[in-house]
Amino acid sequence: MKKYNIALVGATGMVGRKFLQVLEERQLPVANYYLFASARSAGKKIPFMGREYTVEELNESCFDGKDIHIALFSAGGETSRRFAPIAASKGIVVIDNSSAWRMDPQVPLVVPEVNSQDILKHKGIIANPNCSTIQAVVALKPLHDHYGIKRVVYSTYQAVSGAGMDGYSDLEKGIQGHAPKKFPHPIFSNCLPHIDVFLDNGYTKEEMKMIEETRKILGDQSLRITATTVRVPVFHGHSESINVELEREFDLSELKQILSDAPGLVLADDPARNQYPMPIQAQDKDDVFVGRVRRDESVDSGVNLWVVADNIRKGAATNTIQIAQHLISYWESKEAEGR
Ligand code: A2P
């Protein structure tokens, strides 16, 4: 069986480290890994897969002579905008975790449980959606397929790890009374209705990402969606209240069954036993959890969901690696056909 070479760009960051953990668990057919980060980290040693890897500086020529097949990028939008096209021009398939390429019509935006068919439309770059969008669409897809979605209202409760190492450190140090460095206000004992920058329409960029990315992934530009995204003092795991208005009438127990049968989604919904999804339970899991499923009695055909996932795993590293696994399976099947 052929083995592949994979590059990790941003290997020293919050998501980069999770790449290493998820790759150790999943054991892809890989011959060589290459770890890249900024010049600050060049030379740093990282134990991985029973070996010691040396971090290399990301630069224009760093991919040369390495026969890299896939590059997983998680080093911020600016780095992706500059280096993803360089990697792609060398025949590498980039799976990019930043927001740089997500809305580019040439770039598939993929959550494998929802639209894996889009992976093969790539022209060198595949985008991994925003963490909040990923967990939302895993829950929305089966409802859209069965009942049609008319309107969605998102309200999120997002962990500090979504803001990288610096966001994480603001909560850790904030608990000890230190002033924040990443966020504009203290995050400890607080909630910030402000994720990413504010735009002219009064929404934050995070809110507009959720709106636009949901439409792109579900392949339906007519979906009416609004969002309020909030940073909360939780280290790991995003929670979302999702209010959905459906096109068609539904039976609540049938709808719960549909959610329960959906790929990548776990129904955790037993209020009598105080069971509902929570970030501390979702931590280190690859699934998306849904609960508090109940009829919205204020509209004709509405339902409320509470959706939780580990934002660094399913919201970032795991989803990216699942896309890589789909690509490798496809290449393997092509190779088997050619034999
Ligand atoms: P470094 O650790 O050398 O700064 P996080 O979002 O968790 O802070 O992680 C960001 C990741 O992106 C880190 O691995 C960081 O490397 C990397 N990174 C940031 N800027 C650059 C850059 N200009 N070139 C390459 N890697 C970068």
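Taken together, the values in this text are just the output of simple stated rules run on the coordinates, not laboratory data. Bear in mind that the values here come from a model prediction, so they are computed numbers and not experimental data. Cβ sites come from the backbone with ideal geometry, for glycine too, and all protein chains shown count toward neighbours.
Using a cutoff of 8 angstrom between alpha carbon atoms and counting only pairs six or more residues apart, the relative contact order for the stretch 132-311 works out to 29 percent. A simple rule links phi to the HN-Hα coupling: the Karplus curve 6.51 cos²θ - 1.76 cosθ + 1.60 with θ = phi - 60°, which for the stretch 130-146 gives 4, 4, 5, 5, 4, 5, 5, 6, 4, 7, 7, 3, x, 6, 5, 5, 8 Hz, with x for Gly and Pro. Expressed to the nearest 5 percent, the antiparallel share of DSSP beta bridges inside the stretch 132-311 is 70 percent.
For Arg231, the residues whose amide H sits under 5 Å from its own are Gln158, Leu192, His194, ignoring neighbours fewer than 5 places away on the same chain, with H placed 1.01 Å from N. Pair-distance distribution P(r) for the stretch 206-246, from all Cα-Cα distances in 10 Å bins starting at 0: 24, 51, 21, 4 percent. Length available on full extension from Ser155 to Lys90: 0.36 nm per residue minus the Cα-Cα distance, which gives 19.3 nm. Across the stretch 30-127, the convex hull enclosing all Cα atoms gives 115 Å³ per residue. Our coupling estimate for the stretch 74-80, obtained by passing each phi through the Karplus curve with A = 6.51, B = -1.76, C = 1.60 and θ = phi - 60°, is 8, 9, x, x, 5, 5, 5 Hz, Gly and Pro reported as x. Taken over the alpha carbons of the stretch 1-80 as equal point scatterers, the Debye sum produces base-10 log I(q)/I(0) values at 0.14, 0.15, 0.20, 0.23 Å⁻¹ of -0.42, -0.48, -0.88, -1.18.
Cα convex hull of the stretch 55-181: how many Å³ per residue? Walk me through the intermediate numbers first.
Working: hull volume 18.6 nm³, N = 127.
Normalising the Cα hull of the stretch 55-181 by residue number yields 146 Å³.
Where q = 0.11, 0.17 Å⁻¹, what log10 of I(q)/I(0) comes from the Debye formula for the stretch 132-311, counting one point per Cα? Per q value, in the given order, log10 I(q)/I(0) is -0.48, -1.07. Modelled spin-label separation between Gln21 and Glu337, with each label point placed 7 Å from Cα along the Cα-to-Cβ direction: 3.8 nm.
DSSP beta bridges confined to the chain are antiparallel in about 50 percent of cases. Toward the positive end of the charge dipole of the stretch 132-311, with +1 on the Cβ of Lys and Arg and -1 on the Cβ of Asp and Glu, the farthest Cα among Ser241, Val307, Tyr168 is that of Tyr168.
Using only the Cα atoms, what convex hull volume per residue in Å³ does the chain have?
Values: hull volume 54.2 nm³, N = 339.
Convex hull volume per residue, Cα atoms: 160 Å³.
When every alpha-carbon pair in the stretch 1-43 is counted, what percent end up more than 17 Å apart? Counting pairs separated by more than 17 Å, the tail of P(r) holds 33 percent.
Remark on Ile125: its backbone amide H falls under 5 Å from those of Val94, a criterion applied only to residues 5 or more positions apart or on other chains, H modelled at 1.01 Å from N. For the stretch 201-207, backbone phi angles converted through the Karplus equation (6.51, -1.76, 1.60; θ = phi - 60°) give residue-by-residue couplings of 7, x, 7, 8, 4, 4, 5 Hz, Gly and Pro being listed as x.
Between amide H atoms placed 1.01 Å from N, distances below 5 Å from Lys44 occur with Val55, all of them 5 or more places distant or on a separate chain.
With the simple spin-label model, which puts each label point 7 Å out from Cα in the Cβ direction, the Ser189 to Arg248 separation comes to 5.2 nm. Each Lys and Arg adds +1 at its Cβ and each Asp and Glu adds -1 at its Cβ; summed about the Cα centre, the chain shows a dipole of about 800 debye.
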